[in-house]
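Asker: If you scroll down you'll find the structure; I have some questions about it.
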Amino acid sequence: MNKKLPKVHIIATGGTISGIGANRLDYTQYSDTGNRYTIEQLIERIPEVKNVANLTYENLLATGSTNITPKDWLVIAERANTLLQDGIDGIVITHGTATLEETAYFLHLTIKSNKPVVLTGAMRPPSSMSTDADINLLDAIRIASSGNAQNMGVMGVLNNQIHSAREIIKMNTLRVDTFQSNDLGFLGFVDSDGQVIFYRNSIKTHTYMSEFSTQGLDQLPRVDIVVAYSGGDGLLIDAVKKNESQGLILAGFGSGTLPTVMKDSALELVKGGIPVVLASRSIMGRIVLTEKLRDEGFITCDNLSPQKARILLMLSLLQTSDTQKIRDLFEKY
Ligand code: ASP
């Protein structure tokens, strides 16, 4: 142990970054075998890390992120909060890229610390040619060790690019630069010289300033997402009505609009006291709360993606089901 270096803890959860393929050209079928490297094995591949941080680590989960659930978010949040209180300087979470943005945003709203928490994954498994697993893990540890990364909220890193958890979104099915920060841009870079450099901050409320807490929780309110499409009707919204859902996110067209039949069905939900948040299937831009939408009782999601609006609504519902109070939370976070 080098006392001058920061203490970084790695929470491994699985994902492509841990995947073992049949051969060096297996970029697509490795997840079917379920074979994985442990976090110990992944760290052995990057001995350079000895000069960056004093590492501790654990294999909390070993799963593809397609199977990560809200219950897992609660377990990860509790573990990370405990470690940060116990004197760890920064946390790295290895995670599948499929739902990395969702776990990241949940933690962004529920971690009670200004220390760096960084999620990373890989698009090419460690067993493959030109894998991005090693450099992404090293980069995440560099960020978690950097004094520059304090107060930035939860971050995601792949391809040397650092994203805020609020904005990160998986944009490409296969490329190593899959993550983008919608139309707002990266926070900064872990660059080729190993420097961690930030150029902007995400100013919406997060982590140590957030009012949301997961303490004592073992589940979250159920919220579903329905997407609009040409000719869409009320079928899926009716299913939500019959279900135990406590809220609905509607991913509408462009500015949050919907086919009239879908909207009528959603209005019934609103009248029944179920909060409905309008988001967009377009990836960038805000949804404006027009006077009409306000009068009808809808909530709008600002510029959050539907999957992140769902997380904010789940947490909001722990506090209130009042429409105006939920609108205020969507402005703040
Ligand atoms: N199937 C993987 C997952 O766990 C994809 C990835 O990690 O890139 O999300």
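The values are calculated or read from the model by the stated rules, or taken from the named source; none is laboratory data. The model shown is predicted, which means the values in this text are computed figures rather than measured ones. Cβ coordinates were reconstructed from backbone atoms using ideal geometry, including for glycine residues, and neighbour counts include every protein chain displayed. Accessible surface areas use protein heavy atoms only, side chains included; no ligands, DNA or RNA. Shrake-Rupley method; radii C 1.70, N 1.55, O 1.52, S 1.80 Å.
Asker: Tell me, rounded to the nearest percent, the portion of alpha carbon pairs in the chain spaced more than 38 Å apart. Kindly include the intermediate steps, with their values, before the conclusion.
Answerer: Numbers: 9195 of 55278 pairs.
Percent of Cα pairs beyond 38 Å in the chain: 17.
Asker: Looking only at the chain, where both bridge partners belong to it, what percent of the DSSP beta bridges are antiparallel (to the nearest 5)? Each step should come with its number before you reach the end.
Answerer: Working: 14 of 46 bridges.
The antiparallel proportion sits near 30 percent.
Asker: Next question. What is the helix-to-structure angle for 70-85, meaning the angle in degrees between its Cα long axis and the longest Cα principal axis of the chain, kept from 0 to 90 and rounded to the nearest 10?
Answerer: Tilt of helix 70-85: around 50 degrees.
Asker: With the alpha-carbon atoms as the only input, what is the per residue convex hull volume for segment 172-253 in Å³? Before the final figure, lay out the partial values.
Answerer: Details: hull volume 17.2 nm³, N = 82.
Cα-based convex hull of segment 172-253, divided per residue, equals 210 Å³.
Asker: What spacing in nm lies between the two simple spin-label points modelled at GLN219 and LEU267, each 7 Å away from Cα in the Cβ direction?
Answerer: 3.3 nm
Asker: Any lysines with Cα under 29 Å of the LYS263 Cα? List them, leaving off those in the same chain fewer than 8 positions away.
Answerer: In chain and number order, the partners are LYS170, LYS241, LYS242, LYS271, LYS292, LYS308, LYS325, LYS332.
Asker: Something else: Tilt of helix 100-110 relative to the longest C-alpha principal axis of the chain, in degrees (0 to 90, nearest 10)?
Answerer: 80 degrees
Asker: Where does the chain land at 222 nm, in deg cm²/dmol rounded to the nearest 500, when only DSSP H runs of n ≥ 4 count, each adding -39500 (n - 2.57), divided by all residues? Show your work: numbers first, answer last.
Answerer: Values: 10 runs with 97 residues, N = 333.
-8500 deg cm²/dmol, from helical runs alone.
Asker: What is the distance, in nm, between label points placed 7 Å from the Cα along the Cα-to-Cβ direction at ASP238 and at ILE197?
Answerer: Reported label-point gap for ASP238 and ILE197 is 5.8 nm.
Asker: List the aspartates and glutamates whose Cα lies under 14 Å from the Cα of LYS3, skipping any in the same chain that are fewer than 8 positions away.
Answerer: Leaving aside aspartates and glutamates fewer than 8 places away in the same chain, those within reach of LYS3 are ASP89.
Asker: Shifting gears a bit: Calculate, for the chain, the solvent-accessible area per residue in square angstrom, rolling a 1.4 angstrom probe over the heavy atoms of the protein chains.
Answerer: Working: 14650 Å² over 333 residues.
Solvent-accessible surface per residue comes out at 44 Å².
Asker: A further question follows. Please report, as a whole percent, how much of the solvent-accessible surface of segment 147-265 comes from carbon and sulfur atoms (probe radius 1.4 Å). Intermediate values should be presented prior to the final figure.
Answerer: Numbers: 2780 of 5680 Å².
It is 49 percent, rounded to a whole number.
Asker: Determine which aspartates and glutamates satisfy two conditions relative to LYS204: a Cα distance under 15 Å, and not lying fewer than 8 residues away in the same chain.
Answerer: Straight-line reach from LYS204, under 15 Å: GLU167, ASP302, ASP328, GLU331.
Asker: Using only Cα atoms, tell me the angle between helix 306-317 and the longest principal axis of the chain; keep it within 0 to 90° and round to the nearest 10.
Answerer: Helix 306-317 sits at roughly 80 degrees to that axis.
Asker: Counting other Cβ atoms within 10 Å of each Cβ, which GluC sites (Glu not before Pro) in segment 241-333 have at most 10 and sit in a DSSP loop? Kindly include the intermediate steps, with their values, before the conclusion.
Answerer: Working: sites: GLU244, GLU268, GLU291, GLU296, GLU331; in loops: GLU244.
For GluC sites (Glu not before Pro) across segment 241-333 that sit outside H, G, I, E and B with at most 10 neighbouring Cβ atoms in 10 Å, the list reads GLU244.
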